[in-house]
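Chemist: Take this structure first; my questions come after.
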Amino acid sequence: MAHSELTTDLKQELKRQIEIFKRGTVDLLPEDELRAKLAGFLKGERGPLRVKQGFDPTSPDIHLGHTVGIRKLKQFQDLGHQVVLIVGDYTAMVGDPSGQSATRPVLSYDQIMKNSETYQEQFFKILDKDKTEVLFNGDWFKKMEFLDIMHLASKYTVARLLERDDFTKRMKAMTPISVHELFYPLMQAYDSVAMKSDIELGATEQTFNLLAGRTVQEAYGDEPQCVLTMPILVGTDGVKKMSKSLGNYIGVDEAPREMFGKAMSIPDEQIASYFELATEVTAERVEEIRKQLSQADVNPMLLKKELGEVIVDQYHPEGSGKAAREEFERVFSKKQLPDDMPEATAEDLKNLEIDPNAIYLVHLIAKNKMSKSNSEARKLIQAGSVSIDGDKVTDPNYEFPLDKEMILKVGKRRFLRLKV
RNA sequence: GGUGGGGUUCCCGAGUGGUCAAAGGGAACAGACUGUAAAUCUGUCGGCGACGCCUUCGAAGGUUCAAAUCCUUCCCCCACCA
């Protein structure tokens, strides 16, 4: 291959792109290889970079944790590179052991396919659909024969598989590791072979799997991919990685009100990190926010409200963020009523086997799903968290007729408008 | 295959015949406070129209006035040995 020199213009472009690639990431390895690939593209000696990221559709929704990588992919896309999403329909059935302290439950294929549909819809809230290649890794794994699998397995050693942290920890903790889990990194690595990856993105905990891709690509005679790792977004609990199963996530498909509320529930220390990883605000603005947060006279709440607004606006029509904020302030700060709430008419109550002339409050709450059980409803009443038209009710045996429109409030967030 | 250890309520984890709906921690929910669904403190935390009753401690049987605790069989996990 002839190695023509880059012109000054191209050198600048190379530098610019590498800078964008690296912004907000943890590691780019090996950087010189990526430079070489990118230089090849800029000189027209090869096509755009094939940028890979895989997602296992293990739950129906993607959340802000996923978007950290997707946002980075978008940047690649905007620079003219080819983004390739790998939907891990097969890998989902194995379950990624990364960061797991136990074997994941195995999902049914049907469930996985359903999930992958909603995944795709949600991806394209950020990525440009027309410029994105979507591949299912079942397409190649389905065709493999046992010997092919053995061939793949021979490219990697047990020692290397076991040396990864997750397995080491599980061995020490004496929690089981199934043989199929050892295959996970090999499968992910083989994806890179199958779709000819130039660079693969993943969270830092993915480093092992990403690097396995390099080894396996080389074993198959291909140029190894580069690896770009992203920081892990902490969940709304402020401690653990954001994940659906931990319930500490903000889903991209959630209603503005929920999104905003969840954003407000993150610990103050996570504000800057959320701005950096989960929003499009500039690096300069993130720096500014960091500074403001370190000042004693700045109320973190205001920045958090800004965060909530920005996040909501990213996934909903213009102005939704502002509306969600106003709603939040009305309901929580001023303790007023939300602008809309679920309703129940006398007819609805009858359908729930509640007599509108003698409503037993405990049943009203439980049957309208405002509590998990009658017992819980009873306890909430006794705890003083239930009110009707603003008047606290503490008698667990309270009964009343539906003679006018009234508003039931349970806790801070659950409302029900009762209509005659 | 052998030997030893283990499976407890959403999670982690105490409990070895009655005083156990089961310590403690976490999560969750609520209350107070607050400029926040942050933080902090407090309470609740199987179900039931409820000072009582019903269902839970891997599964199924059994012993006993009484079992998470004892016995039998089975299922699953871990370690070491092979």
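The values are calculated or read from the model by the stated rules, or taken from the named source; none is laboratory data. Here the structure is a predicted model, which means the values were calculated and not measured. As a convention, Cβ positions derive from the backbone with ideal geometry for all residues, glycine included, and neighbour counts pool all protein chains shown. Surface areas here come from the heavy atoms of the whole protein model, side chains and all, with no ligands, DNA or RNA. Shrake-Rupley method; radii C 1.70, N 1.55, O 1.52, S 1.80 Å.
Chemist: So what is the 222 nm mean residue ellipticity for chain A from helices alone, if each DSSP H run of at least 4 adds -39500 (n - 2.57) and you divide by all residues, rounding to the nearest 500 deg cm²/dmol?
Modeler: Result for chain A: -13500 deg cm²/dmol, rounded to the nearest 500.
Chemist: Between residue A:45 and residue A:142, what is the spin-label point distance in nm, taking each point 7 Å from the Cα along the Cα→C-beta axis?
Modeler: Distance between the two pseudo-spin positions: 3.9 nm.
Chemist: Here's another thing I want to ask about it. For chain A, with every protein chain kept in place, what is the accessible area per residue (1.4 Å probe, Å²)? Could the numbers behind the result be given before it?
Modeler: On the way: 20920 Å² over 420 residues.
I get 50 Å² per residue for chain A.
Chemist: Ok, one more. For residue A:27, which sequence-distant residues (separation of 5 or more, or a different chain) have an amide H within less than 5 Å of its own amide H, given hydrogens modelled in the peptide plane?
Modeler: Residues meeting the criterion, in which the H sits 1.01 Å from N, are A:229.
Chemist: May I pose another question? Which semi-axes, in whole Å and largest first, does the equivalent ellipsoid of chain A have when worked out from the alpha carbon gyration tensor as the square roots of 5 times its eigenvalues?
Modeler: Value: 48, 27, 19 Å, ordered largest first.
Chemist: Still on this structure: Can you pull a Stokes-Einstein diffusion coefficient for the range A:156-271 at 10 °C (1.306 mPa s), Rh from Kirkwood over Cα pairs, as a whole number of µm²/s?
Modeler: Rounded to a whole number, D works out at 96 µm²/s.
Chemist: In whole percent, and with a 1.4 Å probe on the protein chains, what portion of the accessible area of chain A is carbon and sulfur?
Modeler: Reported share for carbon and sulfur atoms: 52 percent.
Chemist: Just to be sure I understand: if I project the alpha-carbon convex hull of the range A:295-420 onto a plane and average over all orientations, what area do I get in nm²?
Modeler: Averaged projected area of the range A:295-420's Cα convex hull equals 10.0 nm².
Chemist: Which GluC sites (Glu not before Pro) from the range A:298-362 combine a DSSP loop assignment with at most 11 other Cβ atoms within 10 Å?
Modeler: Those satisfying the criteria are A:318, A:353.
Chemist: Along its principal axes, what span do the Cα atoms of the range A:127-200 show, with the longest given first and each in whole Å?
Modeler: Between the extreme Cα coordinates on each principal axis of the range A:127-200 lie 47, 32, 20 Å.
Chemist: Right, something else. Return the subset of A:240/A:409; A:11/A:37; A:305/A:367 for which the Cα-Cα distance in this structure is over 23 Å, preserving the input order. Don't jump to the answer; show the numbers that get you there.
Modeler: On the way: A:240/A:409 32 Å; A:11/A:37 13 Å; A:305/A:367 34 Å.
Those over the limit are A:240/A:409; A:305/A:367.
Chemist: Which of the GluC sites (Glu not before Pro) across the range A:358-420 are loop residues per DSSP, with 15 or fewer other Cβ within 10 Å?
Modeler: Of the GluC sites (Glu not before Pro), the ones in loops of the range A:358-420 whose Cβ has at most 15 other Cβ atoms within 10 Å are A:405.
Chemist: Another question, then. What length, rounded to one decimal in nm, is gained on full extension from residue A:404 through to residue A:296, with 0.36 nm per residue of separation minus their alpha-carbon distance? Spell out each step's value before the answer.
Modeler: Values: separation 108, 0.36 × 108 = 38.88 nm, distance 4.95 nm.
Taking residue A:404 through residue A:296 to full extension adds about 33.9 nm, to one decimal.
Chemist: Subtracting the Cα-Cα distance from 0.36 nm times the residue separation, let me have the gained length for residue A:383 to residue A:245 in nm, one decimal.
Modeler: Between residue A:383 and residue A:245, full extension yields 46.7 nm more.
Chemist: Given the range A:333-376, report the % of alpha carbon pairs whose separation exceeds 15 Å.
Modeler: Every Cα pair in the range A:333-376 considered, those over 15 Å come to 50 percent.
Chemist: Let's test the formula: R0 of 45 Å, r as the Cβ-Cβ distance of residue A:75 and residue A:372. What FRET efficiency results, to the nearest 0.05?
Modeler: 0.55
Chemist: Right, something else. Compute the projected area of the convex hull of the Cα atoms of the range A:42-193, averaged over all viewing directions, and report it in nm² to one decimal place. If you can, show how the numbers build up before the last one.
Modeler: Values: hull surface 42.7 nm².
If you wrap the Cα atoms of the range A:42-193 in a convex hull and average its projections, you get 10.7 nm².
Chemist: Let me check something: with ligands and nucleic acids excluded, how do A:253, A:128 order by accessible area (1.4 Å probe), largest to smallest? Present the calculation step by step, with values, prior to reporting the outcome.
Modeler: On the way: A:253 85, A:128 55 Å².
I get A:253, A:128, largest accessible area first.
Chemist: Between residue A:412 and residue A:285, how high is the FRET efficiency from 1/(1 + (r/R0)^6) when r is the Cβ-Cβ distance and R₀ = 45 Å? Nearest 0.05.
Modeler: In this case the efficiency is close to 0.90.
Chemist: Using R₀ = 56 Å, calculate the FRET efficiency as 1/(1 + (r/R₀)^6) where r is the Cβ-Cβ separation of residue A:6 and residue A:268; round to 0.05.
Modeler: It comes out at approximately 0.75.
Chemist: May I ask you to list the trypsin sites (Lys or Arg not before Pro) in the range A:303-345 that are in a DSSP loop and have at most 11 other Cβ atoms within 10 Å of their Cβ?
Modeler: A:334, A:335
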